[in-house]
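The values are calculated or read from the model by the stated rules, or taken from the named source; none is laboratory data. Treat the numbers as computed from the prediction; the structure is a model and nothing was measured. Here the Cβ positions follow ideal geometry from the backbone for every residue, glycine too, while neighbour counts run over all protein chains shown. These area figures cover heavy atoms from the full protein model, side chains too; ligands, DNA and RNA do not enter into them. Shrake-Rupley method; radii C 1.70, N 1.55, O 1.52, S 1.80 Å.
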There are 4 protein chains.
Amino acid sequence: MRIGVLTAGGDCPGLNAVIRSVVHRALTGYGDEVIGFEDGFKGLLDGHFRPLDLNAVSGILARGGTILGSARLERARLQEAAENCEDLQRRYGIDVLIPIGGEGTLTAARMLSDAGMPVVGVPKTIDNDISSTDRTFGFDTAVMVATEAIDRLKTTAESHQRVMVVEVMGRHAGWIALESGMAGGAHGICLPERPFQVDDLVKMVEERFARGKKFAVICVAEGAHPAEGSMEYRKGEIDQYGHERFQGIGTRLAKELEKRLGKEARPVILGHVQRGGTPTAYDRVLATRFGWHAVEAAHRGDFGMMTALRGTSITMAPLADATTRLKTVPSDRMLEAESVF
Amino acid sequence: MRIGVLTAGGDCPGLNAVIRSVVHRALTGYGDEVIGFEDGFKGLLDGHFRPLDLNAVSGILARGGTILGSARLERARLQEAAENCEDLQRRYGIDVLIPIGGEGTLTAARMLSDAGMPVVGVPKTIDNDISSTDRTFGFDTAVMVATEAIDRLKTTAESHQRVMVVEVMGRHAGWIALESGMAGGAHGICLPERPFQVDDLVKMVEERFARGKKFAVICVAEGAHPAEGSMEYRKGEIDQYGHERFQGIGTRLAKELEKRLGKEARPVILGHVQRGGTPTAYDRVLATRFGWHAVEAAHRGDFGMMTALRGTSITMAPLADATTRLKTVPSDRMLEAESVF
Amino acid sequence: MRIGVLTAGGDCPGLNAVIRSVVHRALTGYGDEVIGFEDGFKGLLDGHFRPLDLNAVSGILARGGTILGSARLERARLQEAAENCEDLQRRYGIDVLIPIGGEGTLTAARMLSDAGMPVVGVPKTIDNDISSTDRTFGFDTAVMVATEAIDRLKTTAESHQRVMVVEVMGRHAGWIALESGMAGGAHGICLPERPFQVDDLVKMVEERFARGKKFAVICVAEGAHPAEGSMEYRKGEIDQYGHERFQGIGTRLAKELEKRLGKEARPVILGHVQRGGTPTAYDRVLATRFGWHAVEAAHRGDFGMMTALRGTSITMAPLADATTRLKTVPSDRMLEAESVF
Amino acid sequence: MRIGVLTAGGDCPGLNAVIRSVVHRALTGYGDEVIGFEDGFKGLLDGHFRPLDLNAVSGILARGGTILGSARLERARLQEAAENCEDLQRRYGIDVLIPIGGEGTLTAARMLSDAGMPVVGVPKTIDNDISSTDRTFGFDTAVMVATEAIDRLKTTAESHQRVMVVEVMGRHAGWIALESGMAGGAHGICLPERPFQVDDLVKMVEERFARGKKFAVICVAEGAHPAEGSMEYRKGEIDQYGHERFQGIGTRLAKELEKRLGKEARPVILGHVQRGGTPTAYDRVLATRFGWHAVEAAHRGDFGMMTALRGTSITMAPLADATTRLKTVPSDRMLEAESVF
């Protein structure tokens, strides 16, 4: 069998572990050939690819990023790919394409699959918001990085009687904020799934100070936003430099809290450190299992599907399921955290 | 409601997170009282306990160990506890006992439960070998510590053309060896679940050297052992100093490989560092959820049960289920690793 | 002897290690008494203090922040302290005051010393910019945190063919940027000590892309600024929310590079994570030695001095020396980095 | 100029950082050529080498081990090298040899230098025991790894009322034990420089238990040994498997303490994890500076010398100085730790 593999979308710790695992399983398990397309679907369309043997994936398990590169592709060119599915497949002589990517990539994968390409997808997002899988690799690493930051900020907040607002990733789903907030013991957590009342945060901080705990750490997903009328805030506003995030909710909320509380409040925007670097052991294992099972699925002819974690098992889920509904934080998970506002 | 909580058995990162979560949920969610027994069931029998309020659990979320202490208890005294269940319950005025512990502790918990004590258990083991729950807290931390060690040993093995044998914890189940071996990219993994052939390991190393990869890292669970006749080895042998583990499988295997391969092989025995210190974010979240749900179960009157992770949800499982069968590594998980011997 | 100790100024990993060391050495070495003033000089003036015995400092060695708290004090009140030096000393019955702090604190310490208070200072700054000492504790931790961030950003920059601009702390001295830039292998380093030419950065990135290295990481001290005419930039400008740093040099430079290069450039502002949390082993050792030697100096009557690292030895330096001249990065150190612009 | 570089001796985090720095400085600073000999002096004698350009050292700064490999060489062959110095130099056309290594390597380097080879040495040892330099790279990483282990063991010792004996590296000098012991807050530190009285350790532990601190962590250098008559112990004894270290001082001492104290005492032997893996930021900076200055020295014709850290500067020291006297822990440094026995 000849397998094509590509990585697309934003960076995510564990991509290399998937690539390595696909190559290992395919070569040593089945005697397959594997080629890797460069810079995502772009490489597929433009003919940029290279053969991947065991040496090519040696030493990459613990490395962040992706040895294949990743790039955005305009929708028009994806359409072009879908229309030329058969040609593309013939051109590279591949029996299956294994695209590793997030919602956008899996949607593209589905387009190709619908157009006749044999596709086995591997879901990828640090945001953990893909339906059909319990968890995605990259998420654990992002939560770990955010938790370490909260750990560090707590001591400095406490010593200086400050409020710290940590903005973590998560535009549409608040999983990183929820779990890093719980793991770091944040006193307030704000999620995209539930508009927050600034008054509630103010009250929480004041109650803490009243009982002698003269500091607070608030963990805010970048997609969180205040409830209507709770605070002046224009969602999606762009600053004069074209960057939304540095005028984002973290900075705004810190400013607002400082004004209302009359106490120092400082924002920290974690940014891209959450999606780079060496994956945690958890993510390496999950990524390795996904790669292994993708090859198995390819050999079973289980096309139009993607790998998924269900409990302790890796199963297959239709690509369609993954891309039609975002997995957001349900209210019972918010209850468990006790500090979701 | 008045809740008694205790920790028993070996150390496990996340114990404090459970205690903190029980106290938080009970006090702020229900206005309960919580008392903590010191040094496990010993404190329950000997009357050593202290009230746990919010201040008592402040700052312990990320701390290893257990603020309540832990100690072994002879079976006779456990029997004594079971026989005086009603007295004990009356003596402390507790409506429920929440013991946090491993197989031994949960068996004791079941004895008390059978004798009439309202009990909600919280399972704990770095070994991840408790049935009825997908994972236990402490396991992720142990795997992380072991993986970091393998990461470090790989570079030194490679530079010096050596074989490194890393012995990790896991007397009866090989989960830590499996997952740290996968995450660290060990070239051989030996588990208690499957006796290994030394010849196979020798062959693997020789093939690696033959294709220019002049080093190998082998990850061995402390409970792994060679197949009958594969290597001279007396299981459970005690050295002249009374310590079994330093004459354990790691050291033996390194010695054997050195002899057969004619190459340097070095053992590294990770030992207790795997079960101490700050828990990973994953373990803090799981421990916190377990504590929260234990209090919920107590209020529902869900006695004789223990918390369990099933997929993404926390559910309750009968204490009986947890203690009758060990959860070992199934063969399909060994297949995924590709390096299990 | 009766020793008063206080911590003042911004947070710095290692403060607790100094406090612990002072208490250990004073109590077990000399049978002294130690009291700790709360929230810096404020506690000294307002009579907020507590006795510090061995139990009070148990378990704090590895903890970030300061158990004594820290707060800003207006100059007027410091003047008040200086004028009432004798009264204050009598009031608390202290034979020596050991203030632990940065430039501002040491200046205040010198005022008190000049006014007759027996003072032994301990220098503290993550910025490493205090003259008379080779290094200050807290610096190594800040560099470690910044380096880990650069390590993570490098893989994500490489996979996505991006320019990453990391802004690290250092308003007046670029030590953190220099050493984390060197340790992380940043392709460009910008320091407050040398105004940079944006053109040079642009050229460096273009040359990298030209030879196939399609990414770059630039490490910028928050106090770095472009050379006159090199880029539109108003130093010290305040955004509409009152925060300077989020419109700081990191964001500006990323924006400017994106415009000139026509490639994605992203800023990451590390902020307060650099000054909180557990200190590195290096910082714990240095802080412990400083505390030990401060007590020795107190017993020798070596007042008006502060502890200092010189080579491998701890020596004493006049408080005056520390506060009159900032230790900035000399040009030969910039040469060694090869990537300072 | 044509530069030959090689790494020899045991593994040490930072070796790759030196190689990278030599190549960077030589190529971009002077337009030199650099070749790397494989497996230490063996490559020099056997003609195994490869050219090192910028691509060859790309991405190695943070990687443990050495891309050039390392191997032991018998003294006879070193003699051979010294006798054929001129031939060797001509054979490879090198103007200078930069050997990176420990005491043995530097002694060999001196032999070659005395025989007429232009040599600039770079000292390397995780043990920090080379005279003429304040610190060596690799040491900070080893101390960090050991400190993290002690941090983890402390919580588990405390929860289970145990004595933990951690054996760290350091055969002849106790720097790693001293600094990791101080940084980890070990209650007892045993160094090769001072034979310890077991009675003193027993007394210390008993006093701790008496005042309610029911645990202790003792950090022992592998080269530490009991004072004459203090405990039955045959130094250098070899077990039946030919391994000395697993019958080493850590295991013996734990056994002895358990017997005398009547309390659980457990040994943990850290072993090779201390000398592998990614270097700390400190070690990367020091290694980079050493590499840079080695090239400068080569261009100045400063032969027969090695790089050295003195205070904050890199200076040159005669190879002779480095190899005639071991830098051991002086008694005033032991005093500072207060827990050296």
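Data for the structure
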quantity	calculated
Residue match in region A:27-35 (condition: surrounded by 24 or more Cβ atoms within 10 Å (Cβ to Cβ) and not in a helix (DSSP H, G or I))	yes
Residue satisfying all of: in region B:279-295; touching a residue at least 24 places away in the same chain (Cβ under 8 Å) and at the interface with another protein chain (Cβ under 8 Å from one of its Cβ atoms); farthest from residue B:317 (Cα to Cα) among these	B:280
Top-ranked residue in region B:94-106 [being among the hydrophobic types (A, V, I, L, M, F, W, C) and assigned to a strand (DSSP E or B); ranked as farthest from residue B:17 (Cα to Cα)]	B:96
Residue D:13 outside any loop (DSSP other than H, G, I, E, B), open to solvent by less than 10 Å² (accessible area, probe 1.4 Å) and not aliphatic (A, V, I, L, M)	no
Hits in region D:42-57 - residues which are within 12 Å of residue D:92 (Cβ to Cβ) and in contact (Cβ under 8 Å) with a residue 40 or more places away in the chain	D:44, D:45, D:47, D:49
Top-ranked residue in region B:154-182 [being of a type in the set (D, E, K, R) and within 18 Å of residue D:64 (Cα to Cα); ranked as nearest to the other protein chains (Cβ to nearest Cβ)]	B:158
Hey, residue B:87 away from chain D (no Cβ under 14 Å), assigned to a loop (DSSP other than H, G, I, E, B) and open to solvent by 10 Å² or more (accessible area, probe 1.4 Å) or not	no
Test: residue in region B:4-23 that is among the acidic types (Asp, Glu) and within 11 Å of chain D (Cβ to nearest Cβ)	yes
Any hit, region D:239-254, residues being away from chain B (no Cβ under 11 Å) and at pLDDT below 95	yes
Flag if residue C:124 is of a type in the set (Lys, Arg) and under 30 Å from residue C:303 (Cα atoms)	yes
Residue among C:140, C:134 that alone is of a type in the set (Asp, Glu), away from chain A (no Cβ under 14 Å) and buried (at least 24 other Cβ atoms within 10 Å of the Cβ)	C:140
Long-range neighbours under 8 Å by Cβ, at least six apart or interchain, first residue farther than 16 Å from residue D:339 by Cβ and at pLDDT 95 or above within region C:12-41, second open to solvent by less than 10 Å² (accessible area, probe 1.4 Å) and of a type in the set (Phe, Trp, Tyr)	C:12/C:137; C:13/C:137; C:14/C:137; C:18/C:137; C:18/C:290
Considering residues of region B:38-81 that are of a type in the set (Asp, Glu) and part of a loop (DSSP other than H, G, I, E, B) only, the residue farthest from the other protein chains (Cβ to nearest Cβ)	B:74
Number of the condition not met by residue C:296 [criteria: (1) more than 20 Å from residue C:127 (Cβ to Cβ); (2) in the same structural domain as residue C:188 (by TED's automatic domain parsing); (3) crowded, with 18+ Cβ neighbours inside 10 Å; (4) not hydroxyl-bearing (Ser, Thr, Tyr)]	(2)
Whichever residue in region D:203-227 is among the hydrophobic types (A, V, I, L, M, F, W, C) and either open to solvent by 10 Å² or more (accessible area, probe 1.4 Å) or more than 29 Å from residue D:126 (Cα to Cα) (or both) and, among such residues, is nearest to the other protein chains (Cβ to nearest Cβ)	D:215
Residue in region A:106-114 that is open to solvent by less than 10 Å² (accessible area, probe 1.4 Å), within 14 Å of another protein chain (Cβ to nearest Cβ), among the aliphatic types (A, V, I, L, M) and within 27 Å of residue A:309 (Cα to Cα) present	no
Where residue A:123 falls short, out of the listed (1) touching a strand residue (DSSP E or B) at 6+ places or on another chain (Cβ under 6 Å); (2) open to solvent by less than 10 Å² (accessible area, probe 1.4 Å); (3) outside the structural domain of residue A:310 (by TED's automatic domain parsing)	(3)
